[in-house]
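One structure is given here, and the rest of the page talks about it.
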Amino acid sequence: MQTILKPIEVTNNRYRLGYHVAAKSGWINDPNGFCYFKGYYHIFYQHYPFAAEWGPMHWGHARSKDLVHWETLPIALKPGDTEDENGCFSGSAVVHDGKMYLIYTGHHYYPGDDNPDHFWQNQNLAISEDGIHFKKYENNPIIAHAPEDNTQHFRDSKVWYDNGNWYLILGSQGNDNLGRVLLYKSINLIDWKYLGPIAKSNDLKKEGYMWECPDFFTLGDKQVLLMSPQGVESDGIHYNNENETGYVTGNFSYTDNRFERSNFQELDNGHDFYATQTTMAPDGRRLLFGWMDMWGSEFPEKQDGWSGALIFPRELTLKNDRLYMNPVSELKLLRTEELLKGASNIDGEYPLDFSSKQYEALVELDLNKSSEVGFVLTDSNNTKALEFKYSKKNNHVSAERPENDGIREAIIHSTNKIKLHILVDTSSVEIFINDGEATFTERIYSEDTLKFNLVSDGSVTANYDIYQLDSHAVKY
Ligand code: FRU
């Protein structure tokens, strides 16, 4: 007899987010299927509705007219059919002939074998006319198996259109145990021809053994390959999370499918950022979502019946081969009130006088006679929930949380002026430094309304402008 599972319920709202996409309840990880279709942005996510733990993957779904107010829709894909028996893993969406096409990975275990590393993966299609109901293609799979020189890692299809053809890339691991990205081509989204790998890890320790969630697009005069490698070893201030998300840039030729590329660079430098996916907005902006968490984290919200969320959507730009990230400009639509605006000379710790759990802080710090500036978020016992610093000595920016999981750092261009755009939601902080040159994405867990204190080790001129943001921008 089949047991009927009931979705888990949220039992406590203490960490629930106000303007970040999360599930009504249960687990989420990677964003999937980010697209614009019939007047709405759509975002899907890896989802398990029956527990606040990873389980057989479904695709949860939300849509928005403006990128910032989201409405949760019914689950779009459920696993259990022959071609996605044990999970509908990550994938993407494209619009073709007025319909939305979801291209996703089917996950399969071998009968009677309970080793979670023994699996195989294929690629499938589901189609929707209205952007709400999805029908799996009756002749799935569209890509039945990995090439012969591949291991079982063969997933996370990302599809795009170029000049009369559809292209699909997949994250994979070659038989030499190195991560790589495979390219396919099609004229109808159904029959796919394998063209070979377009990029590959150069080194197990530096670039990893499996590249999850690849994405590929043109920005300015370059092509960018985004991916989330597993197995990159920590190297000083770099690669200190369990897995990393980063990118390479280069030039891709559609004639011979060659991609000459740069070295791998991290995208965000915080503790909680993984598995990104982009889409192009109708106005040409390259938009990005990511999972605002990291594999291996504790997820204190699990106790409350949910787990995981997506980052606030960002716009990507490329400057001198470096990706810059900034919150999408639609953020302004979430402002409900200006909480505080001012300019002060600070020297030491300087609390800003406002109280909120969902806000945006625009801060400019002119270093004058100071060599270290930043801010700390503190609770009612004055315990630090997050500390951010810029040090002029070595041009390091850093974010540190009290849990013993180490500091995260990045290097920026030398400057006397630090411009911060900070998004705080109930249990998250996103910091955009100097117009997106570096970013830190962090989950923080406190039941208090945290105080915001500017900090410096000498005289600093500070300008600040704080806005309350809509705390019910996501409807479940
Ligand atoms: C990345 C990932 C993907 C996979 C999905 C499964 O976080 O491991 O490679 O498709 O999560 O939920």
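Every number here is computed from the coordinates shown, using simple stated rules; none is lab data. The structure presented is a predicted model; accordingly, all values stated were derived computationally and were not measured. Glycine gets a Cβ as well: all are built from the backbone with ideal geometry, and neighbour counts include every protein chain shown.
Observations
- Take the Cα of ARG258, step 7 Å toward its Cβ, do the same at ASN320, and the gap between the two points is 2.9 nm.
- Each of the peptides 21-27, 332-338, 141-147, 354-360 was scored by the mean count of other Cβ atoms within 10 Å over its residues; in descending order, highest first, they stand as 21-27, 354-360, 141-147, 332-338.
- Per residue Cα convex hull volume in Å³ - calculated over the chain: 145
- FRET efficiency, ARG14 to LYS384 (Cβ-Cβ, R0 25 Å, nearest 0.05): 0.85
- For region 402-476, applying the loop criterion from DSSP together with a ceiling of 15 other beta carbons within 10 Å to the GluC sites (Glu not before Pro) yields GLU403, GLU447.
- Annotation note: GluC sites (Glu not before Pro) in region 94-184 located in DSSP loop regions with a Cβ neighbour count of at most 11 within 10 Å are GLU138, GLU148.
- Within-15-Å neighbourhood charge of LEU168 [Cβ basis; K, R +1; D, E -1]: +1
- Selection of trypsin sites (Lys or Arg not before Pro), region 54-153, meeting DSSP coil and at most 16 other Cβ within 10 Å: LYS65
- Pairs from LYS78/LYS136; LYS206/LYS319; LYS332/LYS357; LYS369/LYS393; LYS158/LYS222; LYS24/LYS384 whose Cα-Cα separation, in the structure shown, is over 20 Å: LYS206/LYS319; LYS24/LYS384
- Net dipole in debye of region 333-475 [+1 Lys, Arg Cβ; -1 Asp, Glu Cβ; about Cα centre; nearest 20]: 240
- Separation of region 170-193 and region 1-79, taken as the distance between their Cα centroids, equals 27 angstrom.
- Rounded to whole Hz, the Karplus (6.51, -1.76, 1.60) HN-Hα couplings of region 464-470, x for glycine and proline: 9, 8, 10, 10, 6, 10, 3
- Taking Cα centre as origin and charging only the Cβ of basic (Lys, Arg, +1) and acidic (Asp, Glu, -1) residues, the dipole magnitude of region 286-325 rounds to 300 debye.
- The chain: relative contact order as a whole-number percent, Cα under 8 Å and 6+ apart: 15
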